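Heads up, the thing below is written out as structure tokens.
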Amino acid sequence: MSLLCETPHPSRRAVLMTGGALFAWAYLPRFARAADNRDPRLIVIVLRGALDGLSAVGPVGDPDYAGLHGDIALSLTGPHAALPLDGFFAVNPAMPVFARLFRDKQAAVVHAAATGYRERSHFDGQDVLESGYAGPGHVATGWLNRALESLPAGDRVATLGGLAVGPSTPLVIRGAAPVLGWAPQSLPAPARDLAARVLDLYQHRDPALAVALQKGLDADRMALDDQMGAKAINPKGGLDSAAGMRQAAQGAAKLIAADDGPRVAALAFDGWDTHVNEGGATGRLATLLGGLDGAFEEFEKGLGERWKDTAIVAITEFGRTAQINGTVGTDHGTGTVVLLAGGAIKGGRVIADWPGLKPAQLYEQRDLAPTSDVRGVLKGLLADQFGLSAAVLSDKVFPESSAVKPMRDLVT
Amino acid sequence: MAVPGPETTQDEILVAFNRFGLGARPGGRDKLAGDPRAALRAELKAPDIALISLDDPAHAGLKGSTSAIQASMAATMQRKLERNLMAERTAKADASQMTDASQMPPAQPSAKPAVPRVEAELFRAEAKARLDKALQAEVGFVERLVYFWSNHFCVSAAKGPIVRASAGAFEREAIRPFVLGRFADMLMAVERHPAMLFYLDNQQSIGPDSRAGRKRQRGLNENLAREILELHTLGVGSGYTQADVTSFARILTGWMMAGREGRLGEPGSSVFNANAHEPGDAVLLGKTYPAAGMGQAEAALSDIARHPATAQHIATNLARHFISDEPPPAAVARLAKVFTRSDGNLRALAATLIDMPEAWSMPLTKMRSPFDYVAAIRRAAGPGPANAPGQSLRWLNALGEPLWQPPGPNGFSDQTDSWASAEGMKIRLDIAWQAAGQVNDIGNPNDMLDAIIGPSASPETRQAVARAESRQQGLALLLMAPEFQRR
């Protein structure tokens, strides 16, 4: 098993970036002086709602996993067998594209990762994840926008600005640097998760409205099914549906692949808050993971030649409880996964200082204990893709984070 | 954050904003703290609060109804000319080319007359002025009164270009100046307004024994007379007969809008056409109105404005609108009494609503109408893309309350069941999601819940918003919460 404790081994580039060159070259992007004429791109996908990292990439080799995750634990056997990544971890069978990329060394996983946030509020957790600040309450600018801003004026990446996909600009890319907004035509669509939550609220507080809304939703579903019995021909979907994710990636890829298009993009996919009937190898979470997998595939297809210079990172505000709850779901937890994909990713690795799943090894005896800092992963990507120095990253992009070292060597 | 128990008493600030107003804006609740009734009374006292002035540069796109109707008439003429011209050209082309009449070439889509869409532009400018007014109001009680009366005396843009061009001006000219004035004055302004005369067909109505009637062999149209009695004043079932309707229609003949040629007066203005007026005395509700030209109808309207059945009808509708689908009889009786004693003083009537204990004690069970819902969303969302007027109009169309386009002269429904429909709720869900997605800086949805709903938010609503998986979802849940839907 490849339990890769990420001890930074000084590669030539790492020395170049973090050594004496640090201050003199603080603002000089790596690709600008690279001989191979790279044209790097970075795509950030925010998974809102706290992804269950243990169901996305299951530690099937951990003796305590199956017991904790119960009916929804991934397994290497059975009709919906998880796809093995190495001898210890396996990815959810809903993600065959990611598994293929992993085999081709174009995808990687950082497991047991979390930001510095240790509470369990979605809003605050997303603030911390997207603002890049150490604590909640900073909602004006995001780290990806500040990274754009930190590039030297005249640099192509900075000039072309960023791309925000969806009906609203995700915090991660909000700020002073120019951002192009784009949303798939069919947006916004009714959010199924939102509908369920509103129905639940009505059932408790306003039964008459619950009846009306339920009927309205049923009629809507029937009308969709009626159209030649195939929902597939009507791929209208919000960014919490598999079709919507795929569609968003398809459009974004077109814009990012263009010579004069943005090099940096942010997408936000909703729906990862799985308290009830989460499902494992199949079910609700698997459907969403399939959507994310579809987005990876669309990026790979749509970026064409540019794929080799592209890094995609999927991040979420926190993980979920290691043990399933009383409604076959999971509650808000801490450690989770960061998924990396793209031709620029030095893949085929699960990077984890695995903490174990025994009660004493869990964070507060309930969550996967975080051993990697998500900010370290992001810093590493920004350093390797755009040449941002550790100083700028610790000072401006992720304020007060000098203790978090960039995770180097994530990019080929 | 203190979570109130289920025993929470009615939050008076929420009542002021939801039952009387258009919903809280961020920071709005603080301004009402202490005395929500005083804030409502302050709106009734604010000078010219209901008016939309043409002098304001922000309203540069608005026109008075006469100019608006003239612009529409001119555009209609131009469209007709171009159509004729094109028909002529097509006919010529056909004559030279065609051998078989069945092989008509399909109409060219590019051959549409290129006349500016004046009516649509005026409609949009008027809609924007109304929506801005809704957004800017402190509480919105007076705006709600404007919508109540505008719906009570509705015209519909679906009638044709003239009403489409003048529906907004109608509300500005015949409703807003009188909304805190006298009912009799509003009634007079409404029934004499060219948009109403056109909408309810009094334009076509000719006294059979009038000079025009004898010459042109045309006669009465009872539409306006019937709707005045049935909807605007006495109310259905209040005792008037078919003979009263017919007699009233005779009385109303001659009340017209001046046509394009301007023979009767400035085109698009309201005029009295003595040639079309039925001569002689007329009996209405047992009273004889002597021949007096246009004064005959004025006298009749003045009487029915003060009729006890009118007081009862208006009192019932107002109480239904602001208190409950089944208004408490005591509240209706009190409003009717104030209506009668104050000679239809609408400011006194509005003040009575504020003083009414039922308005503050009865649970908020009515549904916000689509317009109230859209206004409340815009107020909660603050300035931003979620506030584009075009989007609000699309939302209103989707929700079944297209602006100034009711299904009939009885206006849009004021009953909860009409708006809490299956399709309606589904569309509200879509709108809440879309609106929430367009607010760029949502802040913390829990804080927004406190700012918009306040301490009487139910524990379940509080929990639903707090547990939302994103800010957008949190805000959408707030916009769907019963406390946001009900008023």
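The values are calculated or read from the model by the stated rules, or taken from the named source; none is laboratory data. Because the structure is a prediction, the values reported are computed rather than measured. Every residue, glycine among them, receives a Cβ derived from its backbone with ideal geometry; neighbour counts consider all protein chains shown. Ligands, DNA and RNA are stripped out before the accessible areas are found, and what is left, the full protein with its side chains, is counted by its heavy atoms. Shrake-Rupley method; radii C 1.70, N 1.55, O 1.52, S 1.80 Å.
Please verify whether the range A:375-384 includes one or more residues that are open to solvent by 10 Å² or more (accessible area, probe 1.4 Å), small (G, A, S), in contact (Cβ under 8 Å) with a residue 60 or more places away in the chain and touching a Ser or Thr at 6+ places or on another chain (Cβ under 9 Å). So far as the range A:375-384 goes, no, none of its residues is open to solvent by 10 Å² or more (accessible area, probe 1.4 Å), small (G, A, S), in contact (Cβ under 8 Å) with a residue 60 or more places away in the chain and touching a Ser or Thr at 6+ places or on another chain (Cβ under 9 Å). Does any residue of the range B:50-64 turn out to be among the acidic types (D, E) and surrounded by 14 or more Cβ atoms within 10 Å (Cβ to Cβ)? No, the range B:50-64 has no match at all.
Which one of these is within 12 Å of another protein chain (Cβ to nearest Cβ) and more than 30 Å from B:G424 (Cβ to Cβ): A:R174, A:R192, A:R221? Of the residues listed, the single one that is within 12 Å of another protein chain (Cβ to nearest Cβ) and more than 30 Å from B:G424 (Cβ to Cβ) is A:R174.
Restricting attention to the range A:113-125, does a residue exist that is more than 30 Å from A:T77 (Cβ to Cβ), surrounded by fewer than 20 Cβ atoms within 10 Å (Cβ to Cβ), modelled with pLDDT of 95 or more and small (G, A, S)? Yes, some residue in the range A:113-125 is more than 30 Å from A:T77 (Cβ to Cβ), surrounded by fewer than 20 Cβ atoms within 10 Å (Cβ to Cβ), modelled with pLDDT of 95 or more and small (G, A, S). Restricting the first member to the range B:469-480 and to residues that are at the interface with another protein chain (Cβ under 7 Å from one of its Cβ atoms) and among the polar types (S, T, N, Q), and the second to residues that are assigned to a helix (DSSP H, G or I) and open to solvent by less than 10 Å² (accessible area, probe 1.4 Å), the beta-carbon pairs closer than 6 Å and six or more apart or on different chains are B:Q472/B:A436; B:Q472/B:G437; B:Q473/A:L194. Only one of the listed residues (B:A319, B:A300, B:A311, B:A276) is in contact (Cβ under 8 Å) with a residue 40 or more places away in the chain and part of a helix (DSSP H, G or I). That residue is B:A300. All of A:L285, A:L267, A:L292 fail the test of being within 14 Å of chain B (Cβ to nearest Cβ), more than 28 Å from A:R156 (Cβ to Cβ), modelled with pLDDT of 95 or more and crowded, with 23+ Cβ neighbours inside 10 Å, apart from A:L285. Of the listed requirements (1) assigned to a helix (DSSP H, G or I); (2) more than 8 Å from chain A (Cβ to nearest Cβ); (3) open to solvent by 30 Å² or more (accessible area, probe 1.4 Å), B:P407 misses just one: (1).
Annotation for the range B:141-153: at least one member residue is farther than 18 Å from B:A375 by Cβ, modelled with pLDDT of 95 or more and open to solvent by less than 10 Å² (accessible area, probe 1.4 Å). When the test is whether a residue is facing another protein chain (nearest Cβ under 10 Å), among the β-branched types (V, I, T) and over 30 Å from A:T274 (Cα atoms), B:T416 passes it. Taken across the range A:144-159, residues that are at pLDDT 90 or above and within 14 Å of chain B (Cβ to nearest Cβ) do occur, with at least one present. Put simply, of B:G235, B:G262 the only residue that is in a loop (DSSP other than H, G, I, E, B) and either open to solvent by less than 10 Å² (accessible area, probe 1.4 Å) or of a type in the set (S, T, Y) (or both) is B:G235. Just one of (1) facing chain A (nearest Cβ under 7 Å); (2) at pLDDT below 90; (3) assigned to a loop (DSSP other than H, G, I, E, B) fails for B:I442. It is (1). Against the criterion of being assigned to a helix (DSSP H, G or I), farther than 19 Å from A:D127 by Cα and open to solvent by less than 10 Å² (accessible area, probe 1.4 Å), B:L475 does not qualify. Scanning the range B:470-487 for residues that are in contact with a Phe, Trp or Tyr (Cβ under 7 Å, 6 or more places away or on another chain) and modelled with pLDDT under 95 returns a single hit, B:R471.
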